[in-house]
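Written below as structure tokens is the structure these notes are about.
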Amino acid sequence: MSGEQLVANCSPTLAGLKPANLFSVKADSMDELAREIRYLNDEIRDKGVCIIPMCMKKERAVVYVYRISALKRYFHDEEVSSLLRLYGYEPERPEKCVKRLCKKMKEAAFPHEVGLFLGYPARDVYEFINRSARDCKCVGCWKVYGNEKEAIERFRAFDECTSFCKKMYQSGKTLRDLTKAG
């Protein structure tokens, strides 16, 4: 896993626009991936961002990049915390929630409550699960069932952030340069 992959997949989190991103990377072994993640974590950990491998299946690994402080704020929202509790999480303990999500991802099919760990609106996560991913208003980073206008604005902001960060990275800025402290 490279800094370039991190910028391409996680710029909104690096820039502080959202609490987390999740993406898949090709990985020959967990040991190799762990070394790459340690190196990247060393570059940005003090900026409040953490990178962890969630699970590995075949030659692909799911990597979670998050800001624990942003997750704490997001999990404090009443709708979010209620939904997290419904799925067996303790929202007042975000680190423990992340560990539980990792365990669930390793044991079973993709847990749809993962949207709560990515900062998606609680209503959209709830409706996605209850409607079996059907009948949404629009699709961007997630399927929207609630405020379509607000979601489209957020999608646009995330896209602009990613484009900007990719250009800056290609022009010589480091991962550390592109990561907002927080």
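The values are calculated or read from the model by the stated rules, or taken from the named source; none is laboratory data. Predicted model only: the values in this text are computed from it and were never measured. All Cβ positions, even for glycine, are placed from backbone atoms using ideal geometry, and neighbour counts span all protein chains on display.
From the list ALA109, ALA34, which residue is assigned to a loop (DSSP other than H, G, I, E, B), of a type outside the set (D, E, K, R), out of contact with any Leu (no Cβ under 8 Å at 6 or more places or on another chain) and surrounded by fewer than 19 Cβ atoms within 10 Å (Cβ to Cβ)?
Details: ALA34 fails: assigned to a loop (DSSP other than H, G, I, E, B).
So the residue among ALA109, ALA34 that is assigned to a loop (DSSP other than H, G, I, E, B), of a type outside the set (D, E, K, R), out of contact with any Leu (no Cβ under 8 Å at 6 or more places or on another chain) and surrounded by fewer than 19 Cβ atoms within 10 Å (Cβ to Cβ) is ALA109.
Checked against (1) farther than 20 Å from LEU40 by Cβ; (2) loosely packed, with under 13 Cβ neighbours inside 10 Å; (3) in contact (Cβ under 8 Å) with a residue 12 or more places away in the chain, ALA151 passes all but a single condition, namely (2). The residues of the range 74-102 that are exposed (fewer than 14 other Cβ atoms within 10 Å of the Cβ) and in a helix (DSSP H, G or I), listed by number, are HIS76, GLU78, GLU79, SER82, ARG85, LEU86, GLU95, LYS96, LYS99. Within the range 106-121, the residues that satisfy the criterion of being closer than 20 Å to CYS55 by Cβ, under 14 Å from the mean Cα position of the chain (by Cα) and touching a residue at least 24 places away in the same chain (Cβ under 8 Å) are PRO111, GLU113, VAL114, GLY115, LEU116, PHE117, LEU118. Filtering the range 142-162 for residues that are at pLDDT 95 or above, part of a strand (DSSP E or B), of a type outside the set (A, V, I, L, M, F, W, C) and out of contact with any strand residue (DSSP E or B) (no Cβ under 7 Å at 6 or more places or on another chain) leaves a non-empty set. Is it the case that GLY115 is out of contact with any Leu (no Cβ under 8 Å at 6 or more places or on another chain), modelled with pLDDT of 95 or more, in a helix (DSSP H, G or I) and closer than 20 Å to ASN9 by Cα? Yes; evaluated as a whole, the condition is true for this residue.
Table: residues versus (1) touching a residue at least 12 places away in the same chain (Cβ under 8 Å); (2) hydrophobic (A, V, I, L, M, F, W, C); (3) loosely packed, with under 14 Cβ neighbours inside 10 Å.
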site	(1), (2), (3)
ARG123	yes, no, no
ASN130	no, no, yes
TRP142	yes, yes, no
LYS166	yes, no, no
THR174	yes, no, yes
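Any chance the range 96-119 includes a residue that's charged (D, E, K, R) and more than 25 Å from ARG60 (Cβ to Cβ)? Yes, the conditions are met somewhere in the range 96-119. Scanning the range 54-73 for residues that are in a strand (DSSP E or B) and either free of Cβ contacts under 8 Å to residues at least 24 places away in the same chain or of a type in the set (Lys, Arg) (or both) returns LYS57, ARG60, ARG67. Scanning the range 9-26 for residues that are surrounded by 21 or more Cβ atoms within 10 Å (Cβ to Cβ) and of a type in the set (A, V, I, L, M, F, W, C), we see that the one that is farthest from LEU71 (Cα to Cα) is CYS10.
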